[in-house]
1. Just to be sure I understand the filter: pairs with C-beta atoms under 6 Å, separated by 6 or more residues or on different chains, first member in the stretch 32-56 and in contact (Cβ under 8 Å) with a residue 12 or more places away in the chain, second member among the β-branched types (Val, Ile, Thr) and surrounded by 12 or more Cβ atoms within 10 Å (Cβ to Cβ). Which pairs pass?
2. Name the single residue that is surrounded by the most Cβ atoms within 10 Å (Cβ to Cβ) among those in the stretch 68-100 being more than 19 Å from TYR25 (Cα to Cα) and in contact with a helix residue (DSSP H, G or I) (Cβ under 9 Å, 6 or more places away or on another chain).
3. Among the numbered criteria (1) in a loop (DSSP other than H, G, I, E, B); (2) modelled with pLDDT of 95 or more; (3) under 18 Å from VAL5 (Cβ atoms); (4) not aliphatic (A, V, I, L, M), which single criterion is violated by ASN58?
4. Scan the stretch 85-115 for residues that are within 27 Å of ARG59 (Cβ to Cβ) and modelled with pLDDT of 95 or more and jot them down.
5. Looking at (1) closer than 30 Å to SER115 by Cβ; (2) assigned to a loop (DSSP other than H, G, I, E, B); (3) of a type in the set (A, V, I, L, M, F, W, C), which is the one condition that is false for PHE94?
6. Of the numbered conditions (1) in a loop (DSSP other than H, G, I, E, B); (2) among the hydrophobic types (A, V, I, L, M, F, W, C); (3) crowded, with 19+ Cβ neighbours inside 10 Å, ILE3 fails exactly one; give the number of that condition.
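The values are calculated or read from the model by the stated rules, or taken from the named source; none is laboratory data. Remember, it's a predicted structure, so these values are computed and weren't measured experimentally. Glycine gets a Cβ as well: all are built from the backbone with ideal geometry, and neighbour counts include every protein chain shown.
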Amino acid sequence: MQIPVIVQTVGLLTLSNVFMTIAWYGHLKSLSSKAWWIAALISWGIALFEYMLQVPANRIGYSQYSLAQLKIMQEAITLTVFVPFAMFYMNQPFKLDYVWAGLCLVGAVYFIFRS
């Protein structure tokens, strides 16, 4: 049984985004007392796993979707990963702006995939 391209792409991009979000923002909480270059090195190490998932995700996705569709898909996934990360790991309060941003991305998804 072949896994559909959309499932492979979204799954890999979601996992990639988990690593990306941790690499980009996790150091703000967990490494705030360390020198910036230590945080950068650790973040680059985490980002390696992001790229190991993101590159195949985009290659698989590009077999069926346009570059623009992949980019908008990535941005929508990023927000769905970032909001729980911000709230549960970084202890940031939920903001209604997350809803508005999400609705804007839903619009972007609609327009990029409608044709």
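1. ILE46/ILE22
2. Top of the filtered list is MET73.
3. (1)
4. PHE85
5. (1)
6. Status for ILE3: all satisfied but (3).
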